[in-house]
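What follows is calculated from the coordinates using simple rules that are stated; it is not laboratory data. Everything quoted here is computed from the prediction, not taken from an experiment. Quick reminder, even Gly has a Cβ in these numbers, built from the backbone with ideal geometry, and neighbours come from all protein chains shown.
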Amino acid sequence: MTDDAQEYPLRVEAGPPSEGELALARHVLDTLRSTMRRQRALAERALVQIEPGDWHARLDPEGNSLAILVKHLGGNLRSRWTDFLTTDGEKPERDRNGEFATEEAPAEALMDVWDEGWETALASLDALTAADLDRTVTIRGEPHSVVQAIVRSVDHTAQHVGQIVFLAKHLRGEAWQLLSVPTPRRGA
C-alpha cells in the first residue's frame, strides 16, 4: 500500500459512517465527477477547432501529437476505469506503448477511442457510492485507496488535457477560439 494510504485512513472510528461523513464523501465524489466532465469538455472544445491535417503534427520529434494524446488518454481511461473496484487498473489487454505509435489514424477513429475511454470512466465514477471511498483498488499491482486512484486519474487526465489545449492553440494560431476568459493582448 502506498505511504499515503497507510498514514491517512479515510475513517478513524469503527462502525457505520456518520451523516456528516457520508455528506462529505458524496460532496467529494460529486466534485471529482464534475472535474472530470469539465476536463473532457475543455479538451473537446479545443479538438473541434483542429484542421484534419493538424491531428498528427508534433512540435518536435519527441513530442506527442494530438492523435497520440487522444489515443493515450482514451486507452488510459478505459483501462483504469473498466471494473474499477474489482480488477487492476492496468489491464493486460491494454497496449500502452501502442498508444504512442505514430500511425496516421483518422480523427474519427481516434475520437472513438477517446469516447470509449471517457464513457467508461464517467459511468464507473457515477456508479461509485460514498461507501466505496473506504475500499482499496490496485493499479499495476500497487494498492491505492479509491480516493487516491480517482485523484491519480484526475491528475493524469488534467495533465494531458492541458497538453491538448496547448498544442491545439499553437496549431490554430490566430484562428484559435478562446476557451475561457479573454486575456489582454500583449503589447497592447
- [ ] Provide the per-residue ³J(HN,Hα) series for segment 28-44, in order, calculated from phi with Karplus coefficients 6.51, -1.76, 1.60 and θ = phi - 60°, each as a whole number of Hz, with x at glycine and proline positions.
- [x] 4, 4, 4, 5, 5, 4, 5, 5, 4, 5, 5, 4, 4, 4, 4, 4, 5
Task: Two-site FRET efficiency, residue 181 against residue 58, from Cβ-Cβ distance with R₀ of 25 Å, rounded to 0.05 - done: 0.30
Open item on the list: So if I place +1 on the C-beta of Lys and Arg and -1 on the C-beta of Asp and Glu, and nothing else carries charge, what would the dipole magnitude of the chain be about its Cα centre? I want it in debye, nearest 20.
Closed with: 680
Open item on the list: If I histogram all Cα-Cα distances within the chain using bins 5 Å wide from 0, what percent of pairs lands in each bin?
Closed with: 1, 7, 15, 17, 17, 14, 11, 8, 6, 3, 1, 0, 0
Open item on the list: As an exercise, take the mean of 1/r over every pair of distinct alpha carbons in segment 95-188, invert it, and state the Kirkwood radius in angstroms.
Closed with: 16.8
TODO: Amide H neighbours of residue 135 under 5 Å, at least 5 residues apart or on other chains, H built in the peptide plane: list them.
DONE: 146
TODO: Report the longest stretch of the chain that contains none of the chymotrypsin sites (Phe, Trp or Tyr not before Pro) sitting in a DSSP loop with at most 14 other Cβ atoms within 10 Å.
DONE: 1-99
Open item on the list: For the chain, take the longest principal axis of its alpha carbons; what is the angle in degrees between that and the long axis of helix 107-127, to the nearest 10 within 0 to 90?
Closed with: 20
TODO: Mind pulling the angle between the C-alpha long axis of helix 66-81 and the longest principal axis of the chain? Nearest 10 degrees, somewhere in 0 to 90.
DONE: 10
Task: J(HN,Hα) series, segment 168-177, from Karplus relation 6.51 cos²θ - 1.76 cosθ + 1.60, nearest Hz, glycine and proline x - done: 4, 4, 4, 5, 7, x, 5, 7, 4, 9
Task: Tensor-based shape of segment 105-151 (alpha-carbon gyration tensor, a/c under 1.5 rounded, otherwise prolate or oblate) - done: oblate
Task: Dipole magnitude of segment 38-92 about its Cα centre (Cβ charges: Lys, Arg +1; Asp, Glu -1), debye to nearest 20 - done: 240
Open item on the list: Can you give me the distance in nm between label points at residue 134 and residue 151, each placed 7 Å from the Cα along the Cα-to-Cβ direction?
Closed with: 2.0
Task: Förster radius 22 Å - calculated FRET efficiency between residue 34 and residue 166 (Cβ-Cβ, nearest 0.05) - done: 0.45
Task: Estimated distance in nm for a label pair at residue 85 and residue 24, the labels positioned 7 Å out from Cα along Cα-to-Cβ - done: 2.1
